[in-house]
Amino acid sequence: MKKIIKIIIVCLIFIVLIGGGLFIYLSNRLPKPSVTSGVRGELGIDANINEETIDNYLNRSDSVYMDMRMLIDIADYESIGGDSYLSGFIDGFEVMPLPYIVTVTGLPEEVGDTYSGDTLFSINEDGNYIADYEESLDILEFYFPKDKYIFLMCGGGGYAGMMKALLVSLGWDEDKIYNVGCYWYYAGDNNIEVKNEDGSYDFWKVTYHDIDFESLTEV
């Protein structure tokens, strides 16, 4: 009888452990990236993880969080209700400007042109991404590791969408990359204000990754 009770106890412990592990696994799973509809979908913004829900997915050890805006963009984003200055960001996101990574295309006519200087990658006439520096791919792999989930954000969703397109084209798993949309419309609990009431900006609050092109080796 004692032997049977021991077996039952071991089985119950096993069931509890398996059940607990399954619960943790399921609760930690991310929904598969799914592009939303309409204009937001054209930018590649995710239907499930976006500026309305991102607070539920912050601080994950298996993920990196990148805001693709410039600190000061020469494009006139005020003309479409945005902000050309990085006026704030979501806590946990680091900033690495998309215009320094790849040539920007397809901006709304109203905003004009953005930065057009050196970039890690160019786009040729066939629409392929071409590395401009020997270190270009290494830089991407360092800041956007392939073994992690990648959450991309910008002001209106466009830069984040361009970054996802670049990564996927270069071999990243599209099911691990989320365009989480628009900081301009974020109303969650993890906002970090950079713009002050007097119109000045505390850019020192931003974890910012610049690219020193002079230190790189041109292809």
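Here is a yes/no grid of residues against (1) among the polar types (S, T, N, Q); (2) farther than 17 Å from ILE177 by Cβ; (3) at pLDDT 95 or above:
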| position | (1), (2), (3) |
| --- | --- |
| THR36 | yes, no, no |
| ALA47 | no, no, yes |
| TYR57 | no, no, yes |
| ALA75 | no, yes, yes |
Restricting attention to segment 89-129, which residues are at positive phi and free of Cβ contacts under 8 Å to residues at least 60 places away in the same chain? GLY106, GLY112, GLY127
When VAL194 is evaluated against the numbered criteria (1) over 21 Å from MET70 (Cα atoms); (2) buried (at least 17 other Cβ atoms within 10 Å of the Cβ), which criterion, by number, is the only one it fails? (1)
Considering each residue of segment 78-106, count those that are surrounded by fewer than 18 Cβ atoms within 10 Å (Cβ to Cβ) and of a type in the set (A, V, I, L, M, F, W, C), and give that number. 1
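Given the criteria under 17 Å from VAL206 (Cα atoms) and of a type outside the set (S, T, N, Q), does TYR129 qualify? Spell out how you get there, then give the answer.
Numbers: under 17 Å from VAL206 (Cα atoms): no; of a type outside the set (S, T, N, Q): yes.
Spelling it out, it is not the case that TYR129 is under 17 Å from VAL206 (Cα atoms) and of a type outside the set (S, T, N, Q).
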Evaluation of ASP175 against (1) over 19 Å from ILE90 (Cβ atoms); (2) surrounded by 14 or more Cβ atoms within 10 Å (Cβ to Cβ) (one fails), failing number: (2)
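Let's see how each residue does on (1) touching a residue at least 40 places away in the same chain (Cβ under 8 Å); (2) over 24 Å from TYR85 (Cα atoms); (3) assigned to a loop (DSSP other than H, G, I, E, B):
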site	(1), (2), (3)
LEU137	no, yes, no
PRO145	yes, yes, yes
LEU167	no, yes, no
TRP172	no, yes, yes
ASP175	yes, yes, no
ASN179	yes, no, no
ASP210	yes, no, yes
GLU214	no, yes, no
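The values are calculated or read from the model by the stated rules, or taken from the named source; none is laboratory data. Here the structure is a predicted model, which means the values were calculated and not measured. Neighbour counts are summed over all protein chains in view; Cβ atoms, including those assigned to glycine, are modelled from backbone coordinates with ideal geometry.
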